[in-house]
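The values are calculated or read from the model by the stated rules, or taken from the named source; none is laboratory data. In this text, all values refer to a predicted model and were calculated from it rather than measured experimentally. Cβ placement follows ideal geometry from the backbone for every residue including glycine, while neighbour counts extend to all protein chains displayed.
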Amino acid sequence: MFLIIELTGIFFFAVSGSLVAARRGFDVIGSMFLAGVAGLGGGVVRDLILDQTPATFTNPIYFSPAVLGALLVYFFTPAVQKLQRLILLFDAGGLGLFCVTGTMKALTFGMNPITAVLLGVTTAVGGGLLRDVISNVTPELFNPRDIYALPAITGATCTSLLWALGWFTPLSGVIVAVLVFLARLASLKYGWRVPMAAGHWHKEHSNPPNDGPQRHY
Amino acid sequence: MFLIIELTGIFFFAVSGSLVAARRGFDVIGSMFLAGVAGLGGGVVRDLILDQTPATFTNPIYFSPAVLGALLVYFFTPAVQKLQRLILLFDAGGLGLFCVTGTMKALTFGMNPITAVLLGVTTAVGGGLLRDVISNVTPELFNPRDIYALPAITGATCTSLLWALGWFTPLSGVIVAVLVFLARLASLKYGWRVPMAAGHWHKEHSNPPNDGPQRHY
Amino acid sequence: MFLIIELTGIFFFAVSGSLVAARRGFDVIGSMFLAGVAGLGGGVVRDLILDQTPATFTNPIYFSPAVLGALLVYFFTPAVQKLQRLILLFDAGGLGLFCVTGTMKALTFGMNPITAVLLGVTTAVGGGLLRDVISNVTPELFNPRDIYALPAITGATCTSLLWALGWFTPLSGVIVAVLVFLARLASLKYGWRVPMAAGHWHKEHSNPPNDGPQRHY
């Protein structure tokens, strides 16, 4: 049951990786690679921190969603104008599932509740972050026009609370994941935001300087 | 004592991360995330290499400087024209402290002196490097207009020497950190440099080609 | 024998890192750092996944090729117009050797053959990927105008097969590495490609949108 939920999350992130590869004009091998990094990266980082040989590398089945995602995107490439929306949709699905499974796995390894939340969030945002970093775009995580990490933080906190109360079941876990997914989509649709890092700049000027990425700040 | 020094270093890097977030126009959650990565990234990499569960994830107190840094930057955002200077200032503070604590931690885990220096440098430059990489700017480490890694390498070497001679104390450690900090600031003020990677290009032309980041070289 | 082959691979990637540093206008310390990341990054990631303290950090000899590579590039900087070709040449040499040694090391640690292939490919492409990511260019791995990962995947698979059949020797390993190297060079010379990630876009339009790296997709 846990494996099915985890593979579904990997699949969602993998598809988002292949869609980014399509959008950036990479080839199908790059697509598989980016699907693998997006789908498996968060979990590998989590397992390294937990001082475990990553499950990904002990059981090759974890790689099948990446291959499947790349093939799906290859055979059913969406129209260009739909790409962005689909990337965000699949990314949101992975985010919801991984903030639950990541937190749960940390808890089963005896981490304290706060650490487990932090590790769950790391798992949830890690795959998408690595996907964006290695394909050389500013991570979606930092997009100030919607909220990304906040639903994952909330979902991981709920998972940790449910676990402490003894109410964590596959069903309650999936419910949390679906709520995180919906919150993320709602933030995209309605432009929910949190305040900017630079507090008082809101009033002064709405466009803080955005360095070109190749320049030193 | 060691914890206080380490938390101070984390705080310095965390503030630099939040200032980068402010400069790049990220929101306050992104600011906390970047503060966490900048402050904790170097230590996490060091602990993974030492085959330890990162201290960061076993004791949640390590996350408090990141939250504090993001809040400080939010409530006391400096003027735009002061941002660059403050980023470099806080980064230099973290660099000085981490090249000492990183080397020391590697030595306490029984690493040989040379390895400990390399691991200390990794700790010192790792947080800033990850901060810059995930916010999609060319790392400050590679800025050829001043010296960045060299003070950290020197500080880590001094720490390793002091340790071997039995003269390493919290006081001598802090003195090394302050000297590294001052050397870094002096290099920024006086434009100290080391030779370019491409030795003989100095004479031929002063502007080697700088690829746009999205192009393949 | 194994150490010599591994150090040769590290040297090739280290030179590619220093050449990238030269091309991007970094200084000689940045050149050493990039040489170290390119040469040692793939192996460090492999060892972390194998839950080993990276060999790199237990034996400082692993750092000598990085220093040597940076010095060579400093004293014998090639002409600008030859840089790109040399980067790709040395990168190809490292790719060939590392897909063999990475797979072999995973097999000696008792990994199953499929996992060993995946870990070998991770080792082979990891160094170049980290080199490109931290110097803020789109990784060569994703360049759709030639093939990069495919020769490494093939070489790692051959290594795993030779091992299973009991035919793996230093000689057969070097032969596989040379064939991977030649296949990579041939793909550069003759423009061998694999299909694009976005299957049907070939017919519709040849230039899928390539986001500037600083924009959110």
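Overview of results
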read-out	value
Qualifying positions in the stretch A:180-201 - of a type outside the set (Lys, Arg), at negative phi and outside any helix (DSSP H, G or I)	A:TRP192, A:VAL194, A:PRO195, A:MET196, A:ALA197, A:ALA198, A:GLY199, A:HIS200
Answer residue from the stretch B:110-157, given it is in a helix (DSSP H, G or I) and of a type in the set (Asp, Glu) and is modelled with the highest pLDDT among those	B:ASP132
Test result for B:TYR74, in contact with a helix residue (DSSP H, G or I) (Cβ under 7 Å, 6 or more places away or on another chain), within 9 Å of another protein chain (Cβ to nearest Cβ) and of a type in the set (Phe, Trp, Tyr)	yes
Candidate set from the stretch A:12-22 (those that are of a type in the set (Gly, Ala, Ser) and facing chain C (nearest Cβ under 10 Å)); member that is surrounded by the fewest Cβ atoms within 10 Å (Cβ to Cβ)	A:ALA22
Hey, A:THR103 in contact with a helix residue (DSSP H, G or I) (Cβ under 7 Å, 6 or more places away or on another chain), more than 10 Å from chain B (Cβ to nearest Cβ) and in a helix (DSSP H, G or I) or not	yes
Out of B:ALA14, B:ALA22, sole residue that is in contact (Cβ under 8 Å) with a residue 12 or more places away in the chain, among the hydrophobic types (A, V, I, L, M, F, W, C), in contact with a strand residue (DSSP E or B) (Cβ under 8 Å, 6 or more places away or on another chain) and in a helix (DSSP H, G or I)	B:ALA22
Pair list, Cβ < 7 Å and 6+ apart or interchain, from the stretch C:26-41 residues that are touching a residue at least 12 places away in the same chain (Cβ under 8 Å) to residues that are in a loop (DSSP other than H, G, I, E, B)	C:PHE26/B:PRO144; C:PHE26/B:ALA197; C:VAL28/B:VAL194; C:VAL28/B:PRO195; C:VAL28/B:ALA197; C:SER31/B:ALA197; C:LEU34/C:PHE26; C:LEU34/C:SER135
Any hit, the stretch A:23-40, residues being more than 7 Å from every other protein chain (Cβ to nearest Cβ), within 25 Å of A:TYR148 (Cα to Cα) and of a type in the set (Ser, Thr, Tyr)	no
Subset of the stretch A:60-106 (residues that are among the β-branched types (Val, Ile, Thr) and within 14 Å of the chain's Cα centre (by Cα))	A:ILE87, A:VAL100, A:THR101, A:THR103
Every residue from the stretch A:49-73 that is assigned to a helix (DSSP H, G or I) and surrounded by fewer than 21 Cβ atoms within 10 Å (Cβ to Cβ)	A:ALA55, A:THR58, A:PRO60, A:ILE61, A:SER64, A:VAL67, A:LEU68, A:LEU71, A:LEU72
Qualifying residue in the stretch A:160-176 (condition: surrounded by fewer than 24 Cβ atoms within 10 Å (Cβ to Cβ) and within 9 Å of another protein chain (Cβ to nearest Cβ))	no
Qualifying positions in the stretch B:48-59 - under 20 Å from the mean Cα position of the chain (by Cα) and in contact (Cβ under 8 Å) with a residue 24 or more places away in the chain	B:ILE49, B:LEU50
Filtered residues of the stretch B:135-146 (kept if among the β-branched types (Val, Ile, Thr) and either in contact with a Leu (Cβ under 6 Å, 6 or more places away or on another chain) or buried (at least 24 other Cβ atoms within 10 Å of the Cβ) (or both))	B:THR138
Unique match (being of a type outside the set (A, V, I, L, M, F, W, C) and within 15 Å of the chain's Cα centre (by Cα)) among A:SER31, A:SER18	A:SER18
